[in-house]
Amino acid sequence: MPTKRTTLKYLAATGLASAAGCATLGEAQAKVVVIGGGFGGATLARTLKQAAPTLQVTLIEANPVYNACPFSNLVIGTNRPLTAQQFRYQNIAAAGVEVITDRATDIDASSRTVSLASGDQLNYDRLVLAPGIELDFEAIPGYNRSATEAAPHAWQAGAQTTLLRDQIRAMREGGTVAMVVPDNPYRCPPGPYERASLIAHYLRVHNPRAKLLILDNKDNFSKKTLFMQAWADLFGGLIEWQGLSDGAAVAEIDTTSQTIYTDFDKVSYDVANIIPPQRAGRIAQLAGATDASGWCPIDAASFASTLLPNTYVIGDAAIANAMPKSAFAANAQAKNCAIQILRSLRDLSPLPSTMANTCYSLVNPDYAISVAGVYRPQQNRWQPIEGAGGTSPQDASIDQREREARYAEAWYDTVTQQVFG
């Protein structure tokens, strides 16, 4: 479990040591409300309370159990149980954060109040929006909420994850799994291709005559060269990828006839995984924190909303430019944003800093690739630092790929313990 000491070590390690005095800010008795209990919101609530114990920190989350998306593709492609992805909030509450299991339904920025589905209202001095994503079911003709039972998205972990797993396991011998991947931006840029890899890993053993077809609404994707190489080496022709230039843009889906219509073709499938376009979680839209893109513009140095006063946005919902929408990034943003909130309560200006992100992708349980980046705010945008970060070497040995798989496991165990343990 992280302590105040480890929090202050983090500040020093990330160049934020000048904010270490925030542990004495409790006399302000400020109220900070955090909406969303994922890797961003839960991290921020806990970090704030550790750094300034007398702050009143409230975390609002509609679900009593959090289903983590990182590593959930292993549930689909291996025998990993869904319970390995599930976390509760009792340790966050034990750390002094008030945890409310309820749904935020409205925000009044002028009166600084949050309305809940239960009818209660909460006042705040600072508000943090970490609502994650909402799936845009209006984007693909023929695909809506009811269609997700026939063609799961599984992009919000939980029942959809196990539904997709079970459909793949029940598929006829030699059947076709079709995966539809949206254009950027969306949660976890390499996630669909990790999922395709782990589905192929399962099929290669249990249904080797099957085919996995990826219909991608773009021509390039994160770690494309590494994925393509791994697919050829490990799965032969089991995976077929088609991009936008190949005419793979989806025009319509008919779940009754199990047919996907593209710009130039139609595809019959046995199992379909439809990942629709995404936007910021519903409460961010209701609050007026989103722009025409559907995402939340922020001040890069502080993560303060540019549309709502006294409000901050972190994680998948925020427009963080070059920084991807990942759990790693949300966790890092939360720690940074906590410092900026504490500085704002002392009428101090934001403290610009650098942040890193690493995205591990499993091709099979013992083979992983990664991409890392380091970012800093420049001209009010999060920009990559040239020469920092990079991807796994293309000529890496099998031993190196296995080590990366173990690094991925260690990261998951560490971050979930830090946030929920």
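Rule-based calculations on the coordinates, nothing more; no lab input. On a predicted model such as this, the values are computed, not experimentally measured, just so you know. No Cβ is skipped: glycine too gets one built from the backbone with ideal geometry, and neighbour counts run over all protein chains shown.
Which residue, 389, 247, 237, tops the fluctuation ranking in a GNM of the chain built on C-alpha contacts under 10 Å?
Of 389, 247, 237, the Gaussian network model singles out 237 as fluctuating most.
In whole angstrom, how long is each semi-axis of the equivalent ellipsoid of the stretch 41-184, when you take the square root of 5 times every eigenvalue of its Cα gyration tensor and sort them from largest down?
36, 20, 12
In 5 Å bins starting at 0, how do the alpha-carbon pair distances of the stretch 342-389 split up by percent?
5, 17, 17, 14, 15, 12, 9, 5, 4, 2
For the chain, state what percent of all Cα-Cα pairs lands in each successive 10 Å bin, counting from 0 Å until the bin that includes the largest distance.
5, 22, 31, 25, 13, 4, 0
Kirkwood Rh and Cα-based Rg: tell me the resulting Rg over Rh for the stretch 113-182, rounded to two decimals.
Here Rg/Rh amounts to 1.16.
Using a 10 Å cut-off around each Cβ, can you sort 296, 337 from fewest to most neighbouring Cβ atoms?
337, 296
Work out the length of the dipole vector of the stretch 85-136 about its Cα centre, built from +1 on the beta-carbon of each Lys and Arg and -1 on the beta-carbon of each Asp and Glu, and round it to the nearest 20 debye.
It comes to approximately 220 debye.
Can you give me the angle between helix 4-13 and the longest principal axis of the chain, using Cα atoms only, in degrees from 0 to 90, rounded to the nearest 10?
Value to nearest ten degrees: 70.
Ordered by residue, what ³J(HN,Hα) values in Hz, to whole numbers, does the stretch 238-243 give under the Karplus form 6.51 cos²θ - 1.76 cosθ + 1.60, where θ = phi - 60° and Gly and Pro are x?
Running phi through 6.51 cos²θ - 1.76 cosθ + 1.60 with θ = phi - 60° gives 5, 9, 10, 10, 10, x Hz.
By how many nm would the segment from residue 79 to residue 399 grow when fully extended, if each residue of separation counts as 0.36 nm and the alpha-carbon distance is taken off?
Gain on stretching residue 79 to residue 399: 112.9 nm.
Which value results when the Cα radius of gyration for the stretch 219-315 is divided by 2.2 N^0.38 Å?
Relative to the rule-of-thumb radius for its length, the stretch 219-315 sits at 1.55.
Non-local amide H neighbours of residue 272 (under 5 Å, H modeled in plane, Pro and chain starts lacking H): which ones?
178
Kirkwood Rh over alpha-carbon pairs of the stretch 142-276, then Stokes-Einstein at 4 °C and 1.567 mPa s: what D in µm² s⁻¹, rounded to an integer?
In µm²/s, the coefficient rounds to 87.
Long-range amide H contacts for residue 133: which residues qualify at under 5 Å (H placed 1.01 Å from N, peptide plane, sequence gap of 5 or more or a different chain)?
Correct list: 281.
Which pairs break 27 Å Cα to Cα here: 218/325; 31/335; 266/325; 211/266; 211/325?
266/325; 211/325
Between helix 224-235 and the chain, what is the angle of the helix's C-alpha long axis to the longest principal axis, kept within 0 to 90° and rounded to the nearest 10?
Value to nearest ten degrees: 50.
Suppose the Debye formula is applied to equal point scatterers at every Cα of the stretch 72-147; what is log10 I(q)/I(0) at q = 0.27 Å⁻¹?
Each listed q corresponds, in turn, to -1.19.
Under a 5 Å amide H to amide H cut-off, with H placed in plane at 1.01 Å, what residues pair with residue 105 once short-range neighbours are removed?
When sequence neighbours closer than 5 places are left aside, the close amide H contacts are 115, 116, 117.
By how many nm would the segment from residue 256 to residue 62 grow when fully extended, if each residue of separation counts as 0.36 nm and the alpha-carbon distance is taken off?
66.6 nm is the gain from fully extending residue 256 to residue 62.
With a cut-off of 8 Å between alpha carbons and a minimum separation of six or more residues, what is the relative contact order of the stretch 142-276 in percent?
Over the stretch 142-276, the number comes to 35 percent.
Please find, in a Gaussian network model of the chain (springs between Cα atoms separated by less than 10 Å), the residue of 347, 254, 299 whose mean-square fluctuation is greatest.
347
Of 50, 90, 285, which is the most mobile in a GNM of the chain whose springs link Cα atoms less than 10 angstrom apart?
Highest fluctuation among the options: 90.
At 222 nm, what helix-only mean residue ellipticity would the chain give, in deg cm²/dmol to the nearest 500, using -39500 (n - 2.57) for each DSSP H run of four or more?
The helix contribution divided over the chain gives -9000 deg cm²/dmol.
What are the ³J(HN,Hα) couplings of the stretch 307-322, residue after residue, when phi is run through the Karplus curve with 6.51, -1.76, 1.60 and θ = phi - 60°? Round to Hz, x for glycine and proline.
So the J values, rounded to whole Hz, are 10, 10, x, 6, 10, 10, 10, 9, x, 4, 6, 7, 8, 9, 6, 5.
Using the alpha-carbon atoms, what tilt in degrees (0 to 90, nearest 10) does helix 191-206 show relative to the longest principal axis of the chain?
The angle comes out near 40 degrees.
Eigenvalues of the Cα gyration tensor times 5, then square-rooted: what semi-axes does that give for the stretch 285-408, in whole angstrom, largest first?
Semi-axes, largest first: 32, 15, 13 Å.
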